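Here is the structure we will look at, set down as structure tokens.
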Amino acid sequence: MQWTSILAIYALFWVVSAFVLLPFGVQTHEEAGIAKVPGQADSAPVNFRPGLIARRATLLAAVLTTLYVLNYAYGWIEAEDLIFWGPAAT
């Protein structure tokens, strides 16, 4: 596998990881016991930290990319392993 392919796969895993990690550790003003600003949405976070999310996404994407590349190299799970229904292979 070429390094540019690995880099593209890492970027895809990073974006997905960032979106998956967004809701973890975030509190609303009501949950934190802080008064809201007039006109503020009820669901607005009080402690949004994008740097922490980026670091966590970087770590998760690195782990997922490593597993993906190792699976590509060693063939632990192949496309045929993901067919759960349909005609049986003979």
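Taking residues in the stretch 5-22 that are closer than 15 Å to LEU67 by Cβ and touching a residue at least 24 places away in the same chain (Cβ under 8 Å), and partners anywhere that are among the small types (Gly, Ala, Ser) and in a helix (DSSP H, G or I), the pairs with Cβ atoms closer than 7 Å and at least 6 places apart or on different chains are TYR10/ALA61; PHE13/ALA61; TRP14/ALA57; TRP14/ALA61; SER17/ALA57; SER17/ALA61. Apart from one condition, GLY33 fits all of (1) surrounded by fewer than 11 Cβ atoms within 10 Å (Cβ to Cβ); (2) in contact (Cβ under 8 Å) with a residue 60 or more places away in the chain; the exception is (2). In this entry, LEU60 is excluded by the filter for residues that are under 23 Å from VAL16 (Cβ atoms), loosely packed, with under 14 Cβ neighbours inside 10 Å and hydrophobic (A, V, I, L, M, F, W, C).
Scan the stretch 15-33 residue by residue and report those that are within 19 Å of ALA57 (Cα to Cα) and outside any loop (DSSP other than H, G, I, E, B). Correct list: VAL15, VAL16, SER17, ALA18, PHE19, VAL20, LEU21.
Readers should treat all values here as calculations from the given coordinates under stated rules, not as data from a laboratory. Please read all numbers here as calculations on a predicted model, not as lab measurements. In this analysis, Cβ positions are derived from the backbone assuming ideal geometry, glycine residues included, and neighbour counts consider all displayed protein chains.
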